[in-house]
Amino acid sequence: MTYIQRCIACRTEFDIDARLYVCSRCGGLLDVDRREAIDTVSLRELWRERKSSLDARDRSGVWRFREFLPFPDDIDIVSLAEGNTPLYHAPRSADYCRLPQLKLKHQGCNPTGSFKDTGMTVAVTQARRLGARFVACASTGNTAASLAAYAARADLPCAIIVPGGQVSHAKLAQALDYGAKVLEIEGNFDVCMNVIRELSEDGAIYLVNSINPFRIEGQKTVAFELMEQLEWRVPDHLVLPGGNLGNSSAFGKGFRELLQSGLIDRLPRISVVQAEGAAPFARFYAQSEHGAFVNEEHPKTLASAIKIGAPVSWPKALRAVSETGGAVLTVTEQEIADAKAVIGRDGIGCEPASATTVAGIRNLVRNGVINESETVVAVLTGHLLKDTDYVMHYHNNSLIAPDNTRIAGTFANSPIRVSASLDAIRALL
Ligand code: F0G
């Protein structure tokens, strides 16, 4: 096997199939690394040709790039035809950010409506290869929905642990329908994460949160797909939301591997945006000397997907941001809500966590970190329909922030009650 797992802190190497989530020597996070260089000549053409093939591995936007995945070529994959998501021009969002152009990579167009599917196909394929009997995760909702679907495809029993009363109904409904055992516990996501990590220690449960390096392997392929869509012209900036920080880590790894293999000649600046009330990484990054990482004990945001105070993947995300010269910033609840509505006006739509990107880009332009001659891609991580309660409250001017202040419906578009008379309706049109 040409792949190994390597601790990012002490560099200890482990077998690719060692069922570890962190280094057994120092507790550091693990990366999957290749031992030999890849011959990249003609890979771009091969990847493009695969799009017209009927083989499930070729049709998946993740497995299409399998030369960079740690599996033998004939691996029996667990797939829902994930990836191959659109890259949209978004003129209204661009205007809002005062940029001539802005592109949105919509990962909400994956089979279960979020970016998690690109990692889950790989993690559940690995679970099956290892002969795992039970898969599990902690989640703010999207990982849960994704795992539930892929576990169902693999015919593997699955449990998810979610913070009771804090997950959107749409996400919970998905997990229930796909047949997962849903455990709602008292406490926030960070409590769920601690519980599931302890539970998985004896090896009976295979953990597929993004601390699992195979999740990162799948998610890194989005960098490959994005570069293909941009005809291999590297954007100046890539901006994404930060919660548990697995996705930022994955983009960092994807672009690093593209650069190392000569498929691109420079890196985009990777910037991470957090909600103001759940921003331990932004606070950490703002220190001139990075001391100890201090968790946020009571994270608060209406963007429930990223309501996380103890992000497990921060060391990897730190590497992604610092080696590319990116920024880490926060945005307010009002900024998230308004940016979300603006993205909606582009006919695209996303969930609140994803809208941190456009809100963040607007601030980065205003502060001169992004200038208007630069190319910018924002990653939308989840679909609009993931959290419709939020959307309805915003448009009805009844969205209340965690500090009990009312969010202004700056771009509200409330439904209008009207009698069923043609004249009355005509008068309104
Ligand atoms: N956007 C959405 C829609 C998410 O669901 C998440 C994370 C993030 C952004 C943040 O990504 O954690 O890789 O930094 N959701 C996880 C979940 C935590 O359980 O569904 P991250």
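Couple of notes before you dig in:
- DSSP-assigned coil residues among trypsin sites (Lys or Arg not before Pro) in the stretch 384-420, each with at most 10 further Cβ atoms within 10 Å: 417
- Comparing 400, 361, 270 in a Gaussian network model of the chain, where Cα atoms under 10 Å apart are tied by springs, the biggest mean-square fluctuation is seen for 400.
- Mean projected area in nm² (Cα convex hull; one quarter of hull surface) for the chain: 22.1
- For the chain, built as a Gaussian network whose Cα springs stay under 10 Å, the top-fluctuating residue of 97, 109, 26: 26
- Under 10 Å, Cβ to Cβ, from residue 277 - net charge with Lys/Arg +1 and Asp/Glu -1: -2
- Helices meeting the span-like rule in the chain (full DSSP H runs, Cα extent of at least 24 Å along the helix axis, mean Kyte-Doolittle score of -0.5 or higher): 213-229.
- Of the trypsin sites (Lys or Arg not before Pro) in the stretch 131-186, the ones in a loop by DSSP (not H, G, I, E or B) with at most 15 other beta carbons within 10 Å are 133.
- Cα gyration tensor, the stretch 142-208 - rounded (a/c under 1.5), prolate or oblate: oblate
- Stretching the chain fully between residue 181 and residue 397 yields a gain of 74.2 nm (0.36 nm per residue, less the alpha carbon separation).
- Taking Lys and Arg as +1 and Asp and Glu as -1, the other residues whose beta-carbon sits under 15 Å from that of residue 339 total -2.
- Bridging of residue 386 to aspartates and glutamates at a Cα separation below 16 Å is possible for 117, 177, 351, once same-chain residues fewer than 8 apart are set aside.
- The stretch 193-248: chymotrypsin sites (Phe, Trp or Tyr not before Pro) falling in loop per DSSP and having at most 15 other Cβ within 10 Å: 232
- A run of the chain free of exposed loop cleavage sites, with GluC sites (Glu not before Pro) counted only in DSSP states other than H, G, I, E and B and at most 10 other beta carbons within 10 Å, reaches its longest extent at 37-185.
- Flagged links, alpha-carbon separation over 29 Å, of 51/316; 51/340; 171/220; 181/253; 51/181: 51/316; 51/340; 181/253; 51/181
- Coordinate range along principal axes, alpha carbons of the stretch 113-182, Å, largest first: 34, 22, 18
- From the alpha carbon centroid of the stretch 357-429 to that of the stretch 1-80 is 38 Å.
No lab work stands behind these numbers, since they all come straight from the coordinates. This structure is a prediction, so every number in the text was calculated from the model and none was measured. So basically every Cβ, Gly included, is an ideal-geometry build from the backbone, and we count neighbours across all protein chains shown.
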